[in-house]
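This report refers to the structure that appears directly beneath it.
Coordinate-derived values only; no laboratory data. This is a predicted model, so every value here is computed, not measured. Neighbour counts are summed over all protein chains in view; Cβ atoms, including those assigned to glycine, are modelled from backbone coordinates with ideal geometry.
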Amino acid sequence: MEAPGPVLVVLVTGPDEDVLLELGRTLVEERLAACVNVTGGVRSAFRWEGRIEEADEALALLKTTAGRLDALTARVRELHPYEEPEVLALPSAGGSAGYADWVRGAVADE
């Protein structure tokens, strides 16, 4: 079994809450993420193909481990409607040891 590594929070934006909740549910079912939180009302400004764009989006916060990040990233790329979806992993620092253990167990291979 692959070592789980540290707990990460992964940011993924998308076109709306429903799309991200469906994506997140799939990742949880496949044990690539322990949980997903989705929030709407995100307004984004970004450079894309040489132009400044703006879009109404939603944001998903996924909890996983470093050991599952590559598989999670690949699966997001398969499922996400964007040509180049945001998948940005942030390391956790401190927090509840019990929660971190739960995340590790939730994404561990069965």
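A few notes on this one:
- Phi angles across the stretch 69-85 convert, under the Karplus curve 6.51 cos²θ - 1.76 cosθ + 1.60 with θ = phi - 60°, into 3J(HN,Hα) values of 4, 4, 5, 4, 4, 4, 5, 4, 4, 5, 8, 6, x, 6, 4, 9, x Hz, Gly and Pro given as x.
- Cα gyration tensor category, rounded, prolate or oblate, for the stretch 25-110 with a/c compared to 1.5: prolate
- Peptides ranked, highest mean first, by Cβ atoms within 10 Å: ranges 88-94, 73-79: 73-79, 88-94
- Peptide packing: for 34-41, 7-14, 46-53, the average count of neighbouring Cβ atoms within 10 Å per residue gives the ranking 7-14, 34-41, 46-53, highest mean first.
- On Cα atoms only, tilt of 17-29 relative to the major axis of the chain in degrees: 20 degrees
- Available extension along the chain between GLU22 and GLU49 is 6.9 nm, counting 0.36 nm per residue and deducting the alpha carbon span.
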